[in-house]
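First the structure, in the form of structure tokens, and then the observations on it.
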């Protein structure tokens, strides 16, 4: 399975948090959190859209955005709770653990619960000896830019 993925994405190796691709391309992946866009007012949504557009326009190198969705499986949590219930002597804790275990079981069985994760993939084309420092520089620029932009959003929300 891993060999198939490596062939599809042209991955040669992963070293020092850097993905080494074919043809002298190197990439790093940043994990980013998201804002619940639908909970924002129309004005706040406009500010966020402008921030993201301005941030994307400043990139002068290859940047990709990638999202994944994973179903949440609470069965290991339920098993751990049930194992700990056996050792417990406190009646109230046992009762709470049963209720919580039932809640997790019902939640998992009644809904398809998922979590979305978002990533920014930053790439560099060039010699290996410069790849690490260049990718670190680019990551720092992206992180700083997003921090600045989010600060502007927070300021905007406070002044409303």
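The values are calculated or read from the model by the stated rules, or taken from the named source; none is laboratory data. Predicted model only: the values in this text are computed from it and were never measured. Glycine also receives a Cβ, built like all others from the backbone with ideal geometry; neighbour counts cover every protein chain displayed.
Points to keep in mind about this one:
Conditions (1) loosely packed, with under 13 Cβ neighbours inside 10 Å; (2) free of Cβ contacts under 8 Å to residues at least 12 places away in the same chain; (3) farther than 30 Å from residue 129 by Cβ, marked per residue:
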position	(1), (2), (3)
20	no, no, no
23	yes, no, no
27	no, no, no
31	yes, no, no
36	yes, yes, yes
40	no, yes, yes
44	no, no, yes
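- Test: residue in the stretch 23-37 that is touching a strand residue (DSSP E or B) at 6+ places or on another chain (Cβ under 7 Å), at pLDDT below 90, within 30 Å of residue 12 (Cβ to Cβ) and not in a strand (DSSP E or B): yes
- Residue list for the stretch 50-99, filter: more than 30 Å from residue 32 (Cα to Cα) and either surrounded by 11 or more Cβ atoms within 10 Å (Cβ to Cβ) or in contact (Cβ under 8 Å) with a residue 40 or more places away in the chain (or both): 79, 81, 82, 84, 85, 88, 93, 94, 95, 96, 97, 98
- Residue within the stretch 137-154 that is at pLDDT below 80, touching a helix residue (DSSP H, G or I) at 6+ places or on another chain (Cβ under 7 Å), more than 30 Å from residue 25 (Cα to Cα) and surrounded by 13 or more Cβ atoms within 10 Å (Cβ to Cβ) present: yes
- Residues of the stretch 59-100 classified as over 22 Å from the mean Cα position of the chain (by Cα) and either part of a strand (DSSP E or B) or closer than 25 Å to residue 125 by Cα (or both), total: 1
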